[in-house]
Structure formats: C-alpha cells, structure tokens
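Asker: What follows is a structure written as structure tokens; I'll ask about it next.
We did not get these values from a lab; they are worked out from the coordinates using the rules stated. Computed from a predicted model, the values in this text were never measured in an experiment.
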Amino acid sequence: MATEKTLNDLFLDTLKDIYYAEKQILKALPKMARAAQSEEGKAGFLQHRDETQAQIERLEQVFEMIGKPARGKTCEAIQGIIAEADEIIEEFKGSVALDAGLISSAQAVEHYEIARYGTLIAWAKQLGHKDAIPLFQATLAEEVATDKKLTQIAESSANAKGKRAA
C-alpha cells in the first residue's frame with residue numbers, strides 16, 4: 001500500500017518546483033535583457049538576474065535546513081511562461097511592442113513566483129520551519145518589488161511606445 005502524502009511532502013515538492021523554476025529564470029533573463037530595446041528594460045532584467053541568483057542560494061539554504069538535497073523538479077508552468085517569452089521575442093523582434101511584450105512575460109513569471117513563495121511561507125509556518133520563513137519572505141519581497149517596477153516601466157514608457165505605429 002502506498003504511503004499517504006502529507007503537507008510536508010507537498011512542501012518539499014513545491015520547494016523543488018520553485019528551485020527548478022528559479023534556475024530556468026536565471027537562464028532566461030540574459031536573453032530577455034539582450035532582446036529588450038530600452039536601456040531601462042535591459043538594466044532591469046540584468047538586475048533581476050542578480051537577485052535570482054541570491055534567491056537560488058536562499059532556496060539551497062532551505063533545502064539544507066530540512067536535510068534534503070537541493071534538487072529541482074521539472075516545472076511545466078515556468079517552461080510554458082518562458083516559451084511564451086521566447087515566442088514574443090521572435091514574433092515582435094524589432095517592433096515598437098517588443099518591450100511591452102517582454103514586460104508582460106516577465107510579470108507572468110513574477111506572479112507565478114509570488115504565488116509559490118506565498119504558499120511556501122504559509123506551509124513553512126504550519127510545518128514549523130521557522131528558519132525558512134524569513135528566507136522565503138525576503139524573496140517574496142523582491143518578487144513583489146520587481147513586479148511593481150515592471151508595472152512602472154510598462155506604464156511610463158513601454159506600453160505607450162508599443163501603441164505607436166512603426
């Protein structure tokens with residue numbers, strides 16, 4: 001008879017999911033920075049790449065705290081979001097709408113991460129992983145700040161530029 005799955009199993013599964021996702025995001029950000037047309041967009045993607053590296057290191061600390069190896073589990077959701085970003089880069093290359101599309105893709109990534117980290121914080125509290133909570137909270141705060149910055153860039157320039165005829 002199979003063992004019953006617990007919240008602890010789900011916590012570990014989600015931790016592996018976001019670890020994989022962060023590593024994929026780390027690979028995608030330089031490509032997005034190269035594709036961005038505005039200097040503000042390029043700089044934002046590169047800054048978030050550095051933050052993402054620190055987020056991966058925090059996740060590795062959590063794995064260590066719970067006595068598990070830092071291993072990812074394929075995250076089809078993030079693969080799909082990144083594939084959509086690649087399509088936008090391909091289909092809108094050189095167009096006035098490219099940066100708006102890149103920001104949209106980046107926000108889809110941020111919203112996925114925000115959902116995952118919020119869940120991990122709640123489960124860490126429930127499971128008594130007190131030391132993991134501030135690590136998740138630090139990353140969640142960075143993800144929320146990045147999302148707000150992306151919105152600001154979109155509203156102040158990228159969306160308006162994307163509306164103009166080439």
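Asker: So what's the angle, to the nearest 10 degrees on a 0 to 90 scale, between helix 39-65 and the longest Cα principal axis of the chain?
Answerer: 10
Asker: Here's another thing I want to ask about it. What is the helix-to-structure angle for 132-153, meaning the angle in degrees between its Cα long axis and the longest Cα principal axis of the chain, kept from 0 to 90 and rounded to the nearest 10?
Answerer: Helix 132-153 sits roughly 10 degrees off the main axis of the chain.
Asker: How far is helix 76-92 tilted, in degrees, relative to the longest principal axis of the Cα atoms in the chain, given as a value from 0 to 90 rounded to the nearest 10?
Answerer: For 76-92 against the chain, the angle is about 10 degrees.
Asker: Another question about this same structure. Suppose the chain between ARG71 and VAL144 were pulled fully straight at 0.36 nm per residue; how much longer would it get relative to their current alpha carbon spacing?
Answerer: Length gained between ARG71 and VAL144: 23.8 nm.
Asker: What is region 16-166's relative contact order, in percent, from Cα pairs under 8 angstrom and six or more apart in sequence?
Answerer: Relative contact order here is 27 percent.
Asker: For Cα pairs less than 8 Å apart in space and 6+ apart in sequence, what is the mean separation divided by the residue count of region 1-105, i.e. the relative contact order in percent?
Answerer: Averaging sequence separation for qualifying contacts and normalising by length gives 34 percent for region 1-105.
Asker: Check cross-link reach from LYS27 to the aspartates and glutamates: straight Cα distance under 14 Å, and skip same-chain residues fewer than eight apart.
Answerer: Here the aspartates and glutamates satisfying the reach criterion relative to LYS27 are ASP50, GLU51, ASP86.
Asker: Among (1) 154; (2) 207; (3) 108, which is the computed volume of the Cα convex hull per residue in Å³?
Answerer: After the calculation, the listed value that fits is (3).
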